[in-house]
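Step one of this worksheet: look at the structure below.
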Amino acid sequence: MHWAVLVFPGTWSDHDCHHVLKNVLGQEAGLVWHRESDLSSYDAIVLPGGFSYGDYLRCGAIARFSPVMDAVRREAERGKLVIGICNGFQILCEAGLLPGVLVRNDSTQFRCEPTNLRIETTATPFTSAGKPGQVIEVPISHGEGNYYADPSTLARLNAEDRVAFRYCGAAGEVTVAANPNGSIENIAGILNEQRNVLGMMPHPERASEALMGSAGGLVIWQSMIESATKAGAPA
């Protein structure tokens with residue numbers, strides 16, 4: 001597979017994602033500057049974490065106007081896989097590719113710590129290699145990761161099985177204590193209607209090698225590789 005890892009001014013998880021894709025998973029991956037306007041040669045797109053444009057106005061609010069985002073939208077409409085991580089999730093919401101919004105953590109603190117995520121559905125190209133209810137450890141690193149959606153949007157996400165991950169305890173229990181940022185219903189990741197765009201606040205690229213303390217994030221990358229390969233992308 002050929003992966004595009006997008007780079008905006010202020011992005012800092014781009015090289016982490018690139019390392020995992022290229023050196024851990026043996027994929028072809030390129031760093032793509034935000035001024036590029038054509039992503040048609042790539043099989044999957046990663047919007048990594050960071051502080052695009054210094055998080056001025058709102059996180060992701062300026063990055064959504066970068067030329068590359070029109071290309072992201074086109075490729076998503078064609079069915080290609082798009083994953084937004086942390087700031088990437090914020091950008092996807094600001095760009096209207098995912099519903100809802102990410103606001104300041106309820107603690108008003110920047111939180112950088114391991115979290116447990118419960119896989120809510122495996123009927124997605126991002127979790128198909130996992131099991132329903134499986135708990136994976138993936139760290140967070142954000143100050144505005146508190147996911148909010150209005151009641152009708154939330155009801156639709158639940159009814160359409162579009163909540164990919166929830167923050168949980170080690171045994172999978174979804175509790176207030178397990179929620180690191182105040183996200184509504186402990187939501188840590190969601191899908192678009194076509195199920196080919198995922199936004200999540202935790203960082204799977206930081207949990208893709210046992211050497212780093214957890215390899216829980218591998219299930220996400222492996223699911224994407226398997227799903228895209230079945231759809232016709234090169235392995």
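Worth a mention:
- Note on Thr175 and Ala235: the model spin-label points, each 7 Å out from Cα along the C-beta direction, lie 4.3 nm apart.
- Subtracting the Cα-Cα distance of Gln134 and Ser37 from 0.36 nm times their residue separation leaves 31.1 nm of extension gain.
- Among the GluC sites (Glu not before Pro) in the stretch 90-194, those located in a DSSP loop and surrounded by at most 14 other Cβ atoms within 10 Å of their own Cβ are Glu160, Glu173, Glu193.
- Nonlocal amide H pairs with Val32, under 5 Å, H built at 1.01 Å: Val5, Leu6, Val7
- In a fully extended conformation the segment linking Glu28 and Glu77 would gain 15.4 nm over its present Cα-Cα distance, using 0.36 nm per residue.
- Helix-only CD estimate at 222 nm, as mean residue ellipticity for the chain, using -39500 (n - 2.57) per DSSP H run (n ≥ 4): -5500 deg cm²/dmol
- Residue with peak Gaussian network fluctuation, the chain [Cα springs, cutoff 10 Å], from Gly79, Gly60, Gly49: Gly79
- Distance from the C-alpha centroid of the stretch 166-235 to that of the stretch 1-69: 18 Å, rounded to the whole angstrom.
- Phi-based couplings in Hz for the stretch 52-61 (Karplus 6.51, -1.76, 1.60; Gly and Pro marked x): 4, 6, x, 6, 5, 6, 9, 4, x, 5
- The Kirkwood hydrodynamic radius of the stretch 1-130, based on inverse pair distances between different Cα atoms, is 15.4 Å.
- Residues in the stretch 29-62 reached by a label modelled at Glu209 [backbone nitrogen below 17 Å; 7 Å Cα→Cβ]: 29
Every number here is computed from the coordinates shown, using simple stated rules; none is lab data. This one's a predicted model, so the numbers in the text were calculated from it and none came from an experiment. Because the Cβ atoms are built from the backbone with ideal geometry, glycine has one as well, and the counts that use them run over all protein chains shown.
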